[in-house]
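Participant: The structure follows.
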Amino acid sequence: MEQATHKHPNYIAVWIGLAVLTAIELTVAFLPWSKRTIILVLIFLALWKALMVALYFMHLRFEPTRMRILAAAPLPLAVILVIAVITEFRW
Amino acid sequence: MAHPAVLEPPAEAEPGSGVYNEKLGMWVFLLSEVMFFTALIGSYIILRFGHPEAWAAPGKVLNIPVTAVNTFLLICSSVTMVKAYAGAVDGKQEALKLWLVLTVIIGATFVGIQVYEYYHLIEKAFIPSQGLYGSTFYTMTGFHGFHVTMGVLCMMFVTWKAFRGAYSATDYRGVEVIGLYWHFVDLVWIILFTIVYLI
C-alpha cells in the first residue's frame, strides 16, 4: 500500500463554494420573485450543496462504482415518497 | 487502485463493495437515515401543502440570520472534519488532533446556538403544541439536533482515541467512519435549512 503521495481534493475550494451558495440562497429567499420560482431555485441550490458534500467530503466521487450505486440506492425511493405525498393534493 | 482520497486501510474488505466492513456498515446506516429524514420531509410537505395558512412567511417567526450563522458553522465543521481525515491519512498526528478538536468545538457550538434559538422561540410562545408550524419545526430540527449531539459525543470519543495515538496512516478507520456520519448530518441540515427556514 502506498503512503507516500496522498492527493486530496481541494477541500477549501469546496468550502468556499458551499459558503457562496449559502449566501446566494439567503439572497434568493428574499428576492421579489414568484414563490414558485424561489422554491425551485432554493431546492436546486440545496441539492447542489448536498451533492458537493457527498461527492467531495464523503468522497463518493472517488469510491468504487459499486459503492456509489449502493449510496444512490435509497434516492429513487426518497423521490417516490416525496412525489407521492405532493400528488396527494393534486389528484 | 483506489483514488488516494479513499485509500483503503489494511482491513478486511467486503468482496462486493470493495470497502472495509466498518465503512460499509456506516454507509448502510446512513442509507437508512436517508429514508428516516425523507419520511420527515415528506410529512412536512404534505402538511404544508395541505395547510399553507398555518405557516408564517420566512423570517417572521424563525431567526434566519442566527440560523444562517449556524449553517455556516456546520459547513465549517465539515471542512475541519475532512481536514482531520486528511491528517490521519497523511500520518500527521498533530493535524489530526487539531482538526478533530476544532470539529468538536464547532459542533458543540452549533448545538448551543440551536438551544439558544429554541429558548427565544419558546419565549415568544412558539412551542411544539402551537400548531402544525411549531410541531413540524421542532420535530425536524429536534431530530437533526439530536443527530448532531450524538455526533459530537462520538467525535469526542474519537478525539480522545486520537490523543492516545489510536490512528495512523495505516489505520484511520474510526476517523473516516465518524467523518461520514458528520458529513451526512451536515448534508441533511443543508436540506432542512432550505425547506424549514427559507421556503
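Participant: Debye calculation, C-alpha points only, no solvent: report log10 I(q)/I(0) for region B:103-199 at q = 0.23 Å⁻¹, in the same order as the q values.
Facilitator: Taken in order of the listed q values, log10 I(q)/I(0) reads -1.19.
Participant: Shifting gears a bit: Could you report region B:43-183's accessible area per residue, 1.4 Å probe, as an integer in Å²?
Facilitator: 43
Participant: Considering protein heavy atoms only and a 1.4 Å probe radius, which residues within region A:16-32 exhibit an accessible-area decrease of no less than 50 Å² in the full assembly relative to the chain by itself?
Facilitator: A:Leu26, A:Phe30
Participant: In whole Å, what is the distance between the alpha-carbon centres of region B:181-199 and region B:22-65?
Facilitator: About 8 Å separates the Cα centre of region B:181-199 from the one of region B:22-65.
Participant: Place a +1 charge on the Cβ of each Lys and Arg in chain A and a -1 charge on the Cβ of each Asp and Glu, then give the dipole magnitude about the Cα centre in debye, rounded to the nearest 20.
Facilitator: It comes to approximately 160 debye.
Participant: Which translational diffusion coefficient, to the nearest whole µm²/s, is obtained for chain A from the Stokes-Einstein equation, given a Kirkwood hydrodynamic radius over C-alpha pairs, 37 °C and 0.692 mPa s?
Facilitator: 205
Participant: On to the next question. How shielded is B:55-64 by partner chains, expressed as the average number of their Cβ atoms within 10 Å of its Cβ atoms?
Facilitator: 1
Participant: Whole Å is fine, so just give me how far the alpha carbon centre of region B:77-99 lies from that of region A:62-90.
Facilitator: Measuring centre to centre over Cα atoms gives 31 Å.
Participant: State, as an integer percentage, the relative contact order of chain B based on alpha-carbon contacts under 8 Å between residues 6 or more apart.
Facilitator: 30
Participant: Something else now. Please compare each pair in B:Lys23/B:Lys97; A:Lys35/B:Lys60; A:Lys7/B:Lys92; A:Lys49/B:Lys60 to a cut-off of 18 Å on the Cα-Cα distance and tell me which ones are over it.
Facilitator: B:Lys23/B:Lys97; A:Lys49/B:Lys60
Participant: B:Cys154 accessible area, nearest 10 Å², 1.4 Å probe?
Facilitator: 70
Participant: To the nearest 10 Å², what's B:Glu123's accessible area with a 1.4 Å probe?
Facilitator: Its heavy atoms expose roughly 120 Å² to the probe.
Participant: Please get the size of the charge dipole for the protein assembly as shown, origin at its Cα centre, with Cβ charges of +1 on Lys and Arg and -1 on Asp and Glu, quoted in debye to the nearest 20.
Facilitator: 460
Participant: Rounded to the nearest 500, what is the 222 nm mean residue ellipticity of chain B from helices alone, with -39500 (n - 2.57) per DSSP H run of 4+ residues and division by all residues?
Facilitator: Value at 222 nm, helices only: -25000 deg cm²/dmol.
Participant: Can you send over the solvent-accessible area of B:Trp27, 1.4 Å probe, protein chains only, in Å² to the nearest 10?
Facilitator: Accessible surface of B:Trp27 is approximately 10 Å².
Participant: Along its three principal axes, how long is the protein assembly as shown when you only count alpha carbons? Whole Å, largest extent first please.
Facilitator: Projected onto its principal axes, the Cα set of the protein assembly as shown covers 60, 40, 32 Å.
Participant: Over all directions, what mean area does the Cα convex hull of chain B project, stated in square nanometres?
Facilitator: Computing the convex hull of the Cα atoms and averaging its projections yields 11.9 nm².
Participant: Mind listing the long-range amide H neighbours of B:Tyr20? Cut-off is under 5 Å, sequence gap 5 or more, other chains count too, H placed in the peptide plane at 1.01 Å from N.
Facilitator: Sorted by chain and number, the residues that satisfy this are B:Glu14.
Participant: Interface B/A, total buried accessible area with a 1.4 Å probe, nearest 100 Å²?
Facilitator: In total, chains B and A hide about 4600 Å² from solvent.
The values are calculated or read from the model by the stated rules, or taken from the named source; none is laboratory data. Since this is a predicted model, take the numbers as computed values, not measurements. Every residue, glycine as well, gets a Cβ built from its backbone with ideal geometry; the counts of neighbours run over all protein chains shown. Accessible surface is based on the protein model in full, side chains and every heavy atom, while ligands, DNA and RNA are left aside. Shrake-Rupley method; radii C 1.70, N 1.55, O 1.52, S 1.80 Å.
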